[in-house]
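Since every read-out is calculated from the coordinates, none of them should be taken as a lab result. Note that this is a predicted model, so its numbers are computed, not measured. When we count neighbours, we look across all protein chains shown, and the Cβ atoms used for this are built from the backbone with ideal geometry, even at glycine.
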Amino acid sequence: MSKLVFAAVILLLGASALDAADPGIVAKQTSSWRAQHEREILAEFTEVLAIPNIAGDQPNIDRNVKAIRAMLEKRGLKTQVLTIDGASPIVVADIRVPESHRTIAFYAHYDGQPVDASRWTSDPWKPVMRNGKAKEVDWRSAKSIDPEWRFYARAAGDDKTPIIGMLAALDALRAAGMKPSVNLRFVFEGEEEAGSPHLAAYLAKYPDVLRPAAWILCDGPVHQSGSMELYFGARGTVGLDLTTFGPVKGLHDGHYGNWVPNPIVRLTHLIDSMRDENGKILIAGFYDGLKAPTESERNALAKIPDVEPALRREFQIASTEGDAKPLNELLMLPALNVRGIESGHVGADASNTIQTEARASIDFRLVPPETPESVKALVERHIESLGYKIVREKPGASVRLAYNKIVQVVWGAGYPPARTALDLPLSIELATIMTAAGHDPVRLPTMGGSIPMYLFQQPNDTPVIGLPIANHDDNQHAADENIRLQNLWDGIEIFACLFTKLTPD
Ligand SMILES: [Zn+2]
């Protein structure tokens, strides 16, 4: 090799090595800025965590909006507050970059789940720092801040952490003289925990604001392995209540058993006909036409760290459903969950009675291309094929006398699943930037739970990708909700890297 060629190769290698390391440099700078400003970050966090945030508690929701808006404006962001009568406002803030022609929206929600304060160790809206042994620590006067400490407060994990993480990331970038590479839009919803009842109306009322080129949903906990995570879909859902009927009054089961139909047995057989004990749904046509995992989804599934032995120990279960297939592979399939069965009494309260009715509550989890409507049709066809008369109300005497088998079927509201392809340029870009920043993400093709991702996707098939920050054991929705500080610190780094490294177009 001539000296000249050698030099050129070194130059090329050097340049590409520098590019690849770039998010790593941003991550490092952000992390050292954060180390110098932890107390400021936590002080601002405390203030916003101290504002009660249950959707419907309008005065406090308004206080949250005001506080978040002030935090954004303090940093020079242009804000707007979207409103719909009777709904919690959505706070929106923008950073425009002249060179960029696309806008990426980062979503989080500022409302939290209702609390049962009697179950909390301390007031849900008086944030308290505790160490790894759950002992309270005075972080303000501590010599150093341990990243394993946790802040305890409602919405600490779900979902005010991303809000504070994004703002701290902007501060870190400003301090380093770095600018976002792409137009950023921050969208903070205020009634996610109430089921986002007005999200569809907001998307319809504010199409210009709420139709970015892509959505990054910063909500939920990271993978149980502790690794950062990206999720690319969510299952849809639809629930139903089934009621089977016996005699119109409770009857002595010694005198009438074997002769009068027993509604509890009818119900359990009906459930058995729909799902086996391995989780397989037995309803005809249920798996027809389901989208098979793509090659990139299969590759991502194969790389998910195996946390199942630990989970089995934690839950004290010796075996699993689904032919021992991995959890995340099973989440790519629809599910039928029996949420509860109710009739008669047990133990000391049991009586020798043939009950008048038995009720079950069921939910289905849906995967593409299923919809609540397609599932309803299949389920009802199945129930009718067993000789049942489906009714919507409690049957009267004439219906009871006319049909041998009657079931009341009441469907709940539901919504369809959504999935974003793992091989879209943005999907690849997000994972690449995070990996280069030192946070190689677990990529989940879909999460098992249901969030209305489909609303963000419509109507243009907009990419929607989930980027959770909180620790997996953050007690979200429960008492003693918390955020592990290292998760917040990691979140700040990742936000700083994404804000500066996403391609402008
Ligand atoms: Zn949430």
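Within a 10 angstrom radius of the beta carbon, how do L485, L282, L290, L270 rank from fewest other beta carbons to most? Mind dumping the intermediate values first?
Numbers: L485 23, L282 12, L290 15, L270 19.
Result, fewest neighbours first: L282, L290, L270, L485.
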**Fill in**
Within the under-15-Å Cβ sphere about E308, not counting E308, Lys/Arg +1 and Asp/Glu -1 give a net charge of -1
**Request:** Could you rank the peptides 226-232, 426-432, 56-62 by their average count of other C-beta atoms within 10 Å per residue, with the highest value first?
**Result:** 226-232, 426-432, 56-62
**Message:** Compute, for the stretch 271-343, the length of the dipole vector about the Cα centre, with Cβ point charges of +1 (Lys, Arg) and -1 (Asp, Glu) only. Units Debye, rounded to 20.
**Reply:** 160
**Request:** Sticking with the crude label model, points 7 Å out along Cα→Cβ, report the distance from S122 to D241 in nm, one decimal please.
**Result:** 4.1
**Prompt:** Which residues in the stretch 88-124 place their backbone N less than 19 Å from a point set 7 Å from the Cα of A70 along the Cα-to-Cβ direction?
**Reply:** 89-93, 110-111
**Message:** If you take every residue apart from A201 with its C-beta less than 12 Å away from the C-beta of A201, what net charge results, scoring Lys and Arg +1 and Asp and Glu -1?
**Reply:** -1
**Item:** Theoretical gain in end-to-end length, H345 to D22 [0.36 nm per residue, Cα-Cα removed]
**Value:** 109.8 nm
**Request:** Work out the FRET efficiency for T294 and D146 from their Cβ-Cβ distance, taking R0 = 56 Å, and round it to the nearest 0.05.
**Result:** 0.85
**Request:** Bin all alpha-carbon pair distances of the chain at 20 Å intervals from 0 and give each bin's fraction as a whole percent.
**Result:** 20, 48, 25, 6, 1, 0
**Request:** Return the lysines within reach of K133: Cα separation strictly under 26 angstrom, same-chain partners fewer than 8 residues apart disregarded; answer none if there are no such residues.
**Result:** K143, K160
**Asked** FRET efficiency for R392 and T462, Cβ-Cβ distance as r, R0 = 35 Å, nearest 0.05?
**Response** 0.45
**Estimated dipole of the stretch 233-281 in Debye, rounded to 20 [Cβ of Lys and Arg +1, of Asp and Glu -1, Cα centre]** = 140
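By counting other Cβ atoms within 10 Å of each Cβ, how are E321, E148, E370 ranked from fewest to most? Could you put the intermediate results ahead of the total?
Working: E321 15, E148 10, E370 23.
Lowest to highest Cβ neighbour count: E148, E321, E370.
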**Item:** Taking the C-alpha atoms of the stretch 163-246, convex hull volume expressed per residue in Å³
**Value:** 183
**Asked** With each run of n ≥ 4 DSSP H residues scored as -39500 (n - 2.57), what mean residue ellipticity at 222 nm is computed for the chain after dividing by its residue count and rounding to the nearest 500 deg cm²/dmol?
**Response** -11000 deg cm²/dmol
**Message:** 7 Å from Cα along Cα→Cβ at both I428 and K133: what's the point-to-point distance in nm?
**Reply:** 5.1
**Request:** Run the quick spin-label model on E40 and A201: label points 7 Å from Cα toward the beta carbon, then report their separation in nm to one decimal.
**Result:** 4.0
**Reachable lysines, given that their alpha-carbon falls under 26 Å from the alpha-carbon of K389 and they are not under 8 places away in the same chain** = K249, K280, K376, K405
**Item:** Student exercise, the stretch 359-505 dipole from Lys, Arg, Asp, Glu Cβ charges, in Debye to nearest 20
**Value:** 1100
**Complete:** Looking only at aspartates and glutamates whose Cα falls under 17 Å of K325's and that sit 8 or more positions away or on another chain, we get D276, E277, E297, D306, E308
**Request:** Hey, can you grab everything whose amide H is under 5 Å from the amide H of L251? Only 5+ residues off in sequence or another chain; H modelled, so Pro and N-termini drop out.
**Result:** I354
**Residue list for the stretch 109-131, given a label point 7 angstrom along the Cα-to-Cβ vector of N60 and an amide N cut-off under 16 Å** = 110-128
**Prompt:** For V97, V346, V128, what ranking results if the residue with the fewest other Cβ atoms within 10 Å of its Cβ goes first?
**Reply:** V346, V97, V128
**Prompt:** For the stretch 121-196 and the stretch 425-443, what is the separation of their C-alpha centers, rounded to whole Å?
**Reply:** 22
**Request:** Specify the inter-centroid distance of the stretch 254-333 and the stretch 445-485, based on alpha-carbon positions, in whole Å.
**Result:** 23
